[in-house]
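S.K.: If you scroll down you'll find the structure; I have some questions about it.
The values are calculated or read from the model by the stated rules, or taken from the named source; none is laboratory data. Computed from a predicted model, the values in this text were never measured in an experiment. Using ideal geometry, Cβ is built from the backbone for each residue, glycine included, and neighbour counts are taken over all protein chains shown.
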Amino acid sequence: MSASENTLIPPELDAEFEELAARYPQKRAALLPILHRMQEVHGWISPEVMEAVAGWIGLAPVEVEGVVSFYPMFRRRPAGRHLVSVCKNISCHLCGAEDVLAAIEKRFGLKPGETSADGRITLQAVQCLGACGYGPMMDVDGTYHEHLTPDSAVEILEELP
Ligand code: FES
């Protein structure tokens, strides 16, 4: 499928992917960065996005789906306006990540993997985000919030527009 036939991969994105794929010995090796970029652009990895990527990269859609379903960082449902990722790996866990997560779940009435009814927040529990010395921590739309308490985490999220 060429870029002109694929509205999910417009020409500028097609050019970006060509440049990206040129860094690898095989086009298919660029699958992960391409999926990340598609998620940034489209907000999630829909079946149509998987099909478009498969067509672009020369894989069967089922192969792309296998990769998307393997990695928890790929969203297979539309996300809310704010993406909240609470680290629950060992360092954060030992510093109270479970209490932080429980407070968020209770206040906003959602479990990891869910989006609040008003579409404001998508919550996910994730593995280490590389800020292990500053736990418990969460990433909100790409900004790290560290040394959280259950109350401070809820406050941060309440202030989101
Ligand atoms: S364990 Fe939480 S950031 Fe590493």
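S.K.: Would you check which residues across the range 75-133 are closer than 21 Å to L32 by Cβ and among the basic types (K, R) and list them?
M.R.: Within the range 75-133, R75, R76, R77 qualify.
S.K.: Right, next: Could you list, in sequence order, the residues of the range 43-75 that are within 25 Å of D139 (Cβ to Cβ) and buried (at least 16 other Cβ atoms within 10 Å of the Cβ)?
M.R.: So the first thing to find is which residues in the range 43-75 are within 25 Å of D139 (Cβ to Cβ), and the list is 43-46, 49-50, 53, 67-75.
G43, I45, S46, V49, M50, V53, V67, V68, F74, R75, listed by residue number.
S.K.: If you don't mind, another one. Return yes or no: is V86 away from the ligand (no atom under 16 Å from the Cβ) and either of a type in the set (D, E) or modelled with pLDDT of 95 or more (or both)? Before you say what the answer is, go through the steps one by one.
M.R.: Working: away from the ligand (no atom under 16 Å from the Cβ): no; either of a type in the set (D, E) or modelled with pLDDT of 95 or more (or both): yes.
Answer is no for this residue.
S.K.: Considering only the range 120-140, how many residues are on the phi > 0 side of the Ramachandran plot and part of a strand (DSSP E or B)?
M.R.: 0
S.K.: Among (1) free of Cβ contacts under 8 Å to residues at least 40 places away in the same chain; (2) near the ligand (Cβ under 10 Å from one of its atoms); (3) under 16 Å from the mean Cα position of the chain (by Cα), there is one condition Y134 misses while meeting the rest; what is its number?
M.R.: Unmet for Y134, out of (1) free of Cβ contacts under 8 Å to residues at least 40 places away in the same chain; (2) near the ligand (Cβ under 10 Å from one of its atoms); (3) under 16 Å from the mean Cα position of the chain (by Cα): (3).
Conditions tested, residue by residue: (1) surrounded by fewer than 19 Cβ atoms within 10 Å (Cβ to Cβ); (2) of a type in the set (D, E, K, R); (3) assigned by TED's automatic domain parsing to the domain that holds V41; (4) assigned to a helix (DSSP H, G or I).
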| residue | (1), (2), (3), (4) |
| --- | --- |
| R77 | yes, yes, no, no |
| V86 | no, no, no, no |
| H93 | yes, no, no, yes |
| E98 | yes, yes, no, yes |
| L101 | no, no, no, yes |
| I104 | no, no, no, yes |
| R107 | yes, yes, no, yes |
| G113 | yes, no, no, no |
| D118 | yes, yes, no, no |
